[in-house]
Amino acid sequence: MYVLQNSYILDYLDLPTIPWEQCYTTSTLDDSILWTVKNEPYGEKQGKIYGRIGITSNEAKAYISSEYKNLEHKRMLIYYPYYTATKSGTIDLSYDRIVIEAVEGKIENLKKKHRVNETIIFRDESIEIFGDEDYMTKEETLTLIDYAKQLKKRASTELEFGKNLIFYWSFVQETKRNMIPRDETRLLFHQIKVLGA
């Protein structure tokens, strides 16, 4: 997943997204949590993504120093906290309906393993719920519904022309050095896909 390319779009849409920062050899990292460091292309260029996930601050600094020496043109080193996902899913928007799917843990459980704990479908004023109706809390559900309505309003033109927009989200926690998540949970959007005409 290209963090840079997705975050620019998600940030433009006023969605909470991965709080990445550009790496420098002088970057300061919190020793109490784990980190993710990535070497990504930026601009229109596509290419491989390199990186390290869930490493200590000392390991991150060593990796940054090593990668920085041979950083290619139009590539950028970025870093952000390593997150533990408690719940993940999608907001799927089309012209006549909104579908919210949720799964336990990371988004790969939905994308690759096709697991779903709860599905909510909105059509006009009707709502259908499938799976575990109590899987998401009322606060989590209302938060996702609010974002879904805002996004559908902003993307009304694209949806009218038959496009289908899928937003990937997770409720996450920063992860301590001992792999135990911190108490505070936050919602992050990390990818968008556009399908259709």
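The values are calculated or read from the model by the stated rules, or taken from the named source; none is laboratory data. Not measured: the values here are computed from a predicted model. Cβ: placed from backbone, ideal geometry, glycine included. Neighbour counts: every protein chain shown. Accessible surface is based on the protein model in full, side chains and every heavy atom, while ligands, DNA and RNA are left aside. Shrake-Rupley method; radii C 1.70, N 1.55, O 1.52, S 1.80 Å.
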Subject >> Selection from segment 85-111 of residues that are open to solvent by 50 Å² or more (accessible area, probe 1.4 Å) and either in a helix (DSSP H, G or I) or of a type in the set (A, V, I, L, M, F, W, C) (or both) >> reply: Glu108, Lys111
Subject >> Out of Lys113, Lys69, sole residue that is among the basic types (Lys, Arg) and within 26 Å of Val194 (Cα to Cα) >> reply: Lys113
**OP:** Find the residue count for segment 156-197, including only residues that are closer than 20 Å to Pro16 by Cβ, not polar (S, T, N, Q) and not in a strand (DSSP E or B).
**Re:** 3
**OP:** Take the residues in segment 62-102 that are among the basic types (Lys, Arg) and at pLDDT below 95, then tell me which one is farthest from Thr175 (Cα to Cα).
**Re:** Arg97
Original post:
If you check Tyr63, Tyr135, which single one turns out to be farther than 25 Å from Leu10 by Cα and part of a loop (DSSP other than H, G, I, E, B)?
Top reply: Tyr135
**OP:** Can you tell me which residue among Asn6, Asn39 is open to solvent by less than 30 Å² (accessible area, probe 1.4 Å), assigned to a strand (DSSP E or B) and among the polar types (S, T, N, Q)?
**Re:** Asn39
Original post:
For segment 56-72, how many residues meet the condition of being crowded, with 19+ Cβ neighbours inside 10 Å and among the aliphatic types (A, V, I, L, M)?
Top reply: 2
Subject >> Residues that are hydroxyl-bearing (Ser, Thr, Tyr) and either assigned to a loop (DSSP other than H, G, I, E, B) or under 24 Å from Pro16 (Cβ atoms) (or both), drawn from segment 112-132 >> reply: Thr119
Original post:
If Phe130 passes every condition in (1) farther than 18 Å from Thr86 by Cα; (2) in contact with a helix residue (DSSP H, G or I) (Cβ under 8 Å, 6 or more places away or on another chain) but one, which one does it miss?
Top reply: (2)
Original post:
Of the residues that make up segment 18-29, is at least one of a type outside the set (Asp, Glu), within 21 Å of Phe167 (Cβ to Cβ) and surrounded by fewer than 20 Cβ atoms within 10 Å (Cβ to Cβ)?
Top reply: yes
Subject >> Arg75 vs. criteria open to solvent by less than 80 Å² (accessible area, probe 1.4 Å), among the charged types (D, E, K, R) and closer than 30 Å to Asp31 by Cα >> reply: yes
